[in-house]
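Everything on this sheet refers to the single structure shown next.
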Amino acid sequence: MYKIAAIGGDGIGPEIVSVGKNVLDAAGERFNFDIEWTDFDIGADRYLASGELLTEEDLAELKKFRAIYFGAIGDPRVKPGILEKGILLALRFHLDLYVNLRPIRLLPGIVTPLAGKKPEDIDFIVVRENTEDFYVGIGSRFRGHQKTELTVARELYSLKFSLDIGSDAEETAYQIGVITREGARRVQTYAFDLAMRRRKKLISVDKANVLSDVYGLWRDVFMETARRYPQVATEFTFVDAVTMWFVKNPEWFDVVVTPNMFGDIITDLGAMIQGGLGLAPGANINPAGTSMFEPIHGSAPKYKGMNVANPIATIWAGSLLLDHLGEHEAAAAVVAAIEKSIGDGVVTKDLGGTAGTREVGTSIAGCVRKGG
Ligand code: IPM
Ligand code: MG
């Protein structure tokens, strides 16, 4: 028996998580395990009612679970950034979910915008660092002669740009990206271990030609880590180039490891080449603690409660959750059931179908039970 936490969140979040839970329960029936779900009321409604985002008590409770099944966060009644930073990013940081795993895989029967590419050409995994880089939240915005900020800013920009900050710069903003040796080492080690279980090919993404301090360290650590994995073929790619190769030659990729912000950007591109955001799952992993599984898309508030959202990304994230628990057969059965249901044409409008969220869920759950 597994105890799993569930956070539906905002917009379409609650309905897709509810459908996802049914599919995982169906997997439990077939593979002989039980899931005891505990729902957490975290999101815009609670924030608007009480001002609470992610509380100490939430965290203490959530830490008791091995896994969290997460829907989506974001609501038009709340200024952008508040819920995202106060809930989603707070969970990633406080639970130290340092691996963000994002499989990019074209399922049979799904149309990719890349002409001529087939399922065997698009099958790789992005390992996104999830706790550092430009996401650490160090930065500031200021006007004129604000002394303390000025000192920091002078140091940051350094005199080589001879910016007379504070005297004639009307307004200034800066934000710092942070990479630590340990932060890079642990996520890269995870990526190497993953590459060992796949095609033994790992590509590191950076921008060490320009942001040479942060990504210079990232690169140094990558070269050191690579020495411990002589069987893995490695390569560096600059982030601008990687966007080009994702489109032109996705078949070159097997495992890709990237700092946080580039990972954010290139996985939306990845989602599109695998057929759209409605299909892209993600796992936020702390190998030694609580991990969290979510679709990579957002809360799509305008579709809330309309039974039109595609639940596949969330169901697939549920498969990653099962995999994480060690239920590998059940995890594979869930993906097979997604494929079967797509093959049967039971898909939502974004994939050209007419089925609703719940119908897709029922169809996939049925395929899981039947095993085909
Ligand atoms: C993602 C999202 C988040 C991110 C947002 C919602 C904070 O875009 O999971 O990719 O930037 O990481
Ligand atoms: Mg993103």
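The table that follows gives values for the structure above.
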item: Criterion violated by ALA332 - all others in (1) in contact (Cβ under 8 Å) with a residue 60 or more places away in the chain; (2) part of a helix (DSSP H, G or I); (3) open to solvent by 10 Å² or more (accessible area, probe 1.4 Å) satisfied; result: (1)
item: Of residues in the stretch 281-292 being over 12 Å from PRO103 (Cβ atoms) and not polar (S, T, N, Q), the one surrounded by the most Cβ atoms within 10 Å (Cβ to Cβ); result: MET292
item: Filter result for the condition that a residue is within 12 Å of the chain's Cα centre (by Cα) and either away from ligand 1 (no atom under 16 Å from the Cβ) or in a strand (DSSP E or B) (or both), over ALA283, ALA309, ALA317, ALA288; result: ALA283
item: Criterion: touching a residue at least 60 places away in the same chain (Cβ under 8 Å), closer than 13 Å to LEU202 by Cβ and of a type in the set (Ser, Thr, Tyr) - qualifying residue of THR267, THR258, THR237, THR225; result: THR258
item: Selection from the stretch 293-306 of residues that are within 11 Å of the chain's Cα centre (by Cα) and more than 11 Å from ligand 1 (Cβ to nearest atom); result: PHE293
item: Subset of the stretch 245-278 [in a loop (DSSP other than H, G, I, E, B) and surrounded by 22 or more Cβ atoms within 10 Å (Cβ to Cβ)]; result: PHE253, PRO259, GLN274, GLY275
item: Single match in GLY366, GLY298 (criterion: over 23 Å from PRO76 (Cβ atoms), open to solvent by 10 Å² or more (accessible area, probe 1.4 Å) and outside any strand (DSSP E or B)); result: GLY366
item: Residue match in the stretch 1-8 (condition: surrounded by fewer than 21 Cβ atoms within 10 Å (Cβ to Cβ) and under 22 Å from the mean Cα position of the chain (by Cα)); result: yes
item: So ALA300, is it away from ligand 2 (no atom under 16 Å from the Cβ) and over 28 Å from ASP96 (Cβ atoms); result: no
item: When residues of the stretch 247-271 are limited to those that are among the aromatic types (Phe, Trp, Tyr) and away from ligand 1 (no atom under 16 Å from the Cβ), the one farthest from ARG185 (Cα to Cα); result: TRP252
item: Of all residues making up the stretch 356-372, the number that are under 26 Å from the mean Cα position of the chain (by Cα) and farther than 14 Å from ILE315 by Cα; result: 1
item: Number of the condition not met by PHE236 [criteria: (1) within 16 Å of ligand 1 (Cβ to nearest atom); (2) among the aromatic types (Phe, Trp, Tyr); (3) part of a strand (DSSP E or B)]; result: (1)
item: Number of the exception - LEU53 against (1) of a type outside the set (Asp, Glu); (2) assigned to a loop (DSSP other than H, G, I, E, B); (3) more than 27 Å from ALA288 (Cβ to Cβ); result: (3)
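The values are calculated or read from the model by the stated rules, or taken from the named source; none is laboratory data. The model shown is predicted, which means the values in this text are computed figures rather than measured ones. Neighbour counts are summed over all protein chains in view; Cβ atoms, including those assigned to glycine, are modelled from backbone coordinates with ideal geometry. Just so you know, the surface numbers come from the protein's heavy atoms only, side chains and all, with ligands and any DNA or RNA stripped out. Shrake-Rupley method; radii C 1.70, N 1.55, O 1.52, S 1.80 Å.
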